[in-house]
Every structure is written in structure tokens, then in C-alpha cells.
Amino acid sequence: MKKRKMAKKKYKKEFEVTPWSVEGKVDYERLTKEFGLKLIDSKILERIKKHTKELHFLLRRNIFFAHRDLDWILDKYEQGEKFFLYTGRGPSGKTHIGHLIPWIFTKWLQDKFDCELYFQITDDEKFLIKEQTLEEINKNVEENLLDIAAIGFNPEKTYIIQNTKDIKLLYKIAIKIARNVTYSTASAVFGFKKESNIGIIFFPALQAAPCFLPSVLNKKNIPCLIPAAVDQDPYWRGIARYVAPKLGFYKPAQIHSKFLPGLKGEKMSSSEPESCIFTTDSEEDVERKVWKALTGGQKSLKEQKEKGGNPDICLVYKYLFYFFEENDEKIEKIYSECKKGERFCGECKKYLSSKIKEFLREHKKKRNIAKIEDYKKNLNILEMKI
Ligand code: TRP
């Protein structure tokens, strides 16, 4: 008995992923099993490729690594039933590069499959779980919206819904969801405690609501695909997919990404600004942060030449792999040169810095001319239909 308890404790310490915190070194295969997701395999990639012609590097590199019912979404699509996309942002702070990964992939899906996109801003969620005022959170929203608009989603097919402002679109659906989920079901998924405030206990119904919004608006079921980081799974597994059959809707399908770690170790979090790259960082910020990043290099040039580096634990390599070097040949070359001791950390850091700076220059340009109104202008049409 005692032994079992201890084993559980140790296991708990290794990693934990919930929608509100990610701790430790995540074992994605184990997480996939625990959450009951399916790994993205070559078979499903081939199926996607049939429609998209090429595969996004986030798929080729297995950064989007798990799914639920993606095969069903493709079946429906092949039968002529179009799906819509649903993703979102909890505005807890400034936008960093890690946040952009699902958004960039979502835009790719929107372009390739010509989908509508519903983008939810959960300012209510962050108010309920963070010690920030509504005014502070709203400031984050304004900043985040510029980054979202800079991604370039199709304005004719994208709706950005901010919960505190556009609640009318979601409220009726949310209470229907909420009535079908007991406290004990929800707390088994989210781990609510006695001290949890009652707002956050209702909140999951609001995050599940957009899964069904287009079906309500169009008065017929429309398949939903959610691209998101994997920590969002409890909302879909525990709430949206659980209530869908009770309310007569399709269950939403999901496609999930891994997390981009921080530059100094495992966790990328806005509360550690020196280990994240924010979209508003200056060139000096980028250079300083990359220079201090954790690498897999040896202690001296001599040792590096003799033993080779270890790209598998190198954060500089990881940033290139996850985001900044899309070219497969180049990334393989960097990997093998490092392993063979033919490449040094300084060189990689310089290269990463220049890639990030180039990306941010372009992103900032788009951010400066971003028109958020484009994604808000059609909301009143939706409101009339609800
Ligand atoms: N809860 C998410 C966050 O904290 C925001 C969100 C709302 C979301 N709806 C979503 C994320 C749908 C992905 C998909 O960031």
C-alpha cells in the first residue's frame, strides 16, 4: 500500500499538464495514452496530404502530434461536409512565440480547407484564475489581438469572440452545456478544489460553447476541428465531447501540439520573461535572451570538437526545429554537424538570433497595420441569428 502511494507521488512529480499549468518534463506519449488521444501517424498524414498537397512543417516534425477524430473530420470532408475551425487565447499576458504555433497552423488549415474560424478570447477565464484586474486583462487582450490579426486569417471567414464582450453569442449554449455536467464530473477532469471560486467551475461550459455555435447558427450540425496545444484537452474530453450527444451535436474533433519550451529549460512562461521571446521584443532583447539560452554544447571548443554536442537537449536547436528553420535539409545538417563536433554553439546562437529577428521584423510590420475590426465586423450578423 505504502509503496503504491509512493509510486504515485513520484509519478505525479515528473510532469503534470492541466489547462492552467504545465509542470515538469512532459512525456507526450504517456500523455496521449492518459488523455485517450491518438498519435498522428504516417497514415493520417498521407490522408491530409491528399487534400493539402504539401504537409506543414509542424505536421512533418510531429509538433502537432496527437488528435481525436481527425479521420472522421476527413471522412466528412471527403463526403462534402465542410468543417469549421475553433481555437482561442487566454489573455494572461503578452504574446510569445509559443502562442503563435497553433495560430500559424490554424491559418494553414483555414487556407487549405477553406474553413470558417471561430477564435475565442477567454478574458473571463484569466480574470477568474489570475490576480489581475479586468482592466489589466483587457490591456493584454488589445495586445494579443494585434498578434492574432497579424497572422492573416481570412477576414471574411474569421470571427473573434471575446467572452466578456460577446457573451450573447455563447450564453444560451453554455447554460445548456452546464446543466448537463455535474460538479463531480467537472472536478474529476479539472481538479477543482473546495477553495475554487464558483466562476471557474462554470467557465468550462463557456469554452465548450463555440464547438456548437456554428451548428446553432446554421440550424444543422457542422463538424468542428480544434487546433490547440495539448493542455486544452480536458475541455473537449471532459465537457464538449461529453455533452455533445446529450444535446444532439457532433462531438468536436481535435488536433494538438506540443509546447515550445522556454529558452532556459523546460517551461515557457510569461512569468519568466528572460526565457521567452515576445512578439514585441527588441533586437537587443532577442540577442541577449538567445545568448543566455541553454545549449547541449561541451565546456570548451576542444571538447566540442572531440565529443560533439548534444542537440537533443539544446534549446537553441529546439527553437530552430519548432519554429525558425522550416527547411528540413538545413535542420538535419545542423543536427548532424553539431553531433559530429563540426558546429559550435556561438554559430547556432547567431543563426537563431538572426532568424528570430527576421521573423519579428515581419511580424511587427503586420502587427502595426493589423485591422482587428475586420474580425469583429461580422459578429452582429451572428448575433442576429442566435
Ligand atoms: N483556455 C485557452 C487558454 O488559456 C483559451 C481558449 C479558449 C482556447 N478556447 C480555446 C485555446 C480553443 C484553444 C482552443 O489559452
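The values are calculated or read from the model by the stated rules, or taken from the named source; none is laboratory data. Quick caveat: nothing in here was measured; it's all calculated off a predicted structure. Glycine also receives a Cβ, built like all others from the backbone with ideal geometry; neighbour counts cover every protein chain displayed.
Residues Ile161, Ile177, Ile198, Ile173: which one is within 12 Å of the ligand (Cβ to nearest atom) and either exposed (fewer than 15 other Cβ atoms within 10 Å of the Cβ) or among the β-branched types (Val, Ile, Thr) (or both)?
That would be Ile161, the only listed residue that is within 12 Å of the ligand (Cβ to nearest atom) and either exposed (fewer than 15 other Cβ atoms within 10 Å of the Cβ) or among the β-branched types (Val, Ile, Thr) (or both).
Are there any pairs, at least 6 apart or on different chains, whose C-beta atoms fall under 6 Å, with the first in the stretch 303-316 and assigned by TED's automatic domain parsing to the domain that holds Ser353 and the second exposed (fewer than 13 other Cβ atoms within 10 Å of the Cβ), and if so, which?
Taking only residues 6 or more apart or on different chains, the pairs are Gly308/Lys340.
Residue-wise test of (1) within 17 Å of Leu315 (Cα to Cα); (2) touching a residue at least 24 places away in the same chain (Cβ under 8 Å); (3) touching a His at 6+ places or on another chain (Cβ under 9 Å).
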residue: Ala253; (1), (2), (3): no, yes, yes
residue: Phe259; (1), (2), (3): yes, yes, no
residue: Leu263; (1), (2), (3): yes, yes, no
residue: Phe278; (1), (2), (3): yes, yes, yes
residue: Ser282; (1), (2), (3): no, no, no
residue: Lys289; (1), (2), (3): yes, yes, no
residue: Thr295; (1), (2), (3): yes, yes, no
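Give the residue, chosen from Leu260, Leu225, that is more than 12 Å from the ligand (Cβ to nearest atom), under 25 Å from Ser92 (Cα atoms) and not in a helix (DSSP H, G or I). So that I can check it myself, show each step before the final result.
Values: Leu225 fails: more than 12 Å from the ligand (Cβ to nearest atom).
It is Leu260.
List every residue pair whose Cβ atoms lie under 7 Å apart, where the two residues are 6 or more positions apart in sequence or sit on different chains, the first residue falls within the stretch 86-98 and is over 13 Å from Leu145 (Cα atoms), and the second residue, located anywhere, is of a type in the set (Gly, Ala, Ser) and within 11 Å of the ligand (Cβ to nearest atom).
From residues that are over 13 Å from Leu145 (Cα atoms), the pairs are Thr87/Ala228.
Which of the residues belonging to the stretch 109-127 are under 24 Å from His51 (Cα atoms), within 14 Å of the ligand (Cβ to nearest atom) and either out of contact with any Phe, Trp or Tyr (no Cβ under 9 Å at 6 or more places or on another chain) or not assigned by TED's automatic domain parsing to the domain that holds Asn138 (or both)?
Leu109
Of all residues in the stretch 83-108, which are within 13 Å of the ligand (Cβ to nearest atom) and among the aliphatic types (A, V, I, L, M)?
Leu85, Leu100, Ile101, listed by residue number.
Name the residues in the stretch 66-82 that are touching a Phe, Trp or Tyr at 6+ places or on another chain (Cβ under 7 Å) and away from the ligand (no atom under 16 Å from the Cβ), would you?
Matches in the stretch 66-82: Lys76, Tyr77.
With a cut-off of at least 1 residues that are under 27 Å from His56 (Cβ atoms), name the helices (runs of 4 or more DSSP H) lying wholly within the stretch 325-386.
Per the criteria, 328-339, 345-368.
Name the single residue, out of those in the stretch 263-307 being within 19 Å of the chain's Cα centre (by Cα) and among the aliphatic types (A, V, I, L, M), that is farthest from Asp27 (Cα to Cα).
Ile277
Taking Gln132 and the conditions (1) buried (at least 22 other Cβ atoms within 10 Å of the Cβ); (2) within 14 Å of the ligand (Cβ to nearest atom), which numbered condition does it fall short on, given that it satisfies the others?
(1)
So in the stretch 297-319, with the set limited to residues that are crowded, with 20+ Cβ neighbours inside 10 Å and in contact with a helix residue (DSSP H, G or I) (Cβ under 6 Å, 6 or more places away or on another chain), which one is farthest from Cys345 (Cα to Cα)?
The extreme case among them is Tyr319.
What number goes with the only condition from (1) modelled with pLDDT under 95; (2) among the hydroxyl-bearing types (Ser, Thr, Tyr); (3) closer than 29 Å to His56 by Cα that Thr279 does not pass?
(1)
Residue-wise test of (1) assigned by TED's automatic domain parsing to the domain that holds Ala240; (2) within 15 Å of Phe249 (Cα to Cα); (3) part of a loop (DSSP other than H, G, I, E, B); (4) within 25 Å of the chain's Cα centre (by Cα).
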| site | (1), (2), (3), (4) |
| --- | --- |
| Lys168 | yes, no, no, no |
| Ile173 | yes, yes, no, yes |
| Ile177 | yes, yes, no, yes |
| Ser184 | yes, no, no, no |
| Ala188 | yes, no, no, yes |
| Lys194 | yes, no, yes, no |
| Ile200 | yes, no, no, yes |
| Pro204 | yes, no, no, yes |
| Ala209 | yes, yes, no, yes |
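Tell me the residue from Leu59, Leu74, Leu55 that is surrounded by fewer than 19 Cβ atoms within 10 Å (Cβ to Cβ), at pLDDT 95 or above and not in a strand (DSSP E or B), please.
Details: Leu59 fails: surrounded by fewer than 19 Cβ atoms within 10 Å (Cβ to Cβ); Leu74 fails: surrounded by fewer than 19 Cβ atoms within 10 Å (Cβ to Cβ).
The conditions single out Leu55.
Of the residues that make up the stretch 257-269, is at least one surrounded by fewer than 21 Cβ atoms within 10 Å (Cβ to Cβ) and closer than 27 Å to Leu382 by Cβ?
No, the stretch 257-269 has no match at all.
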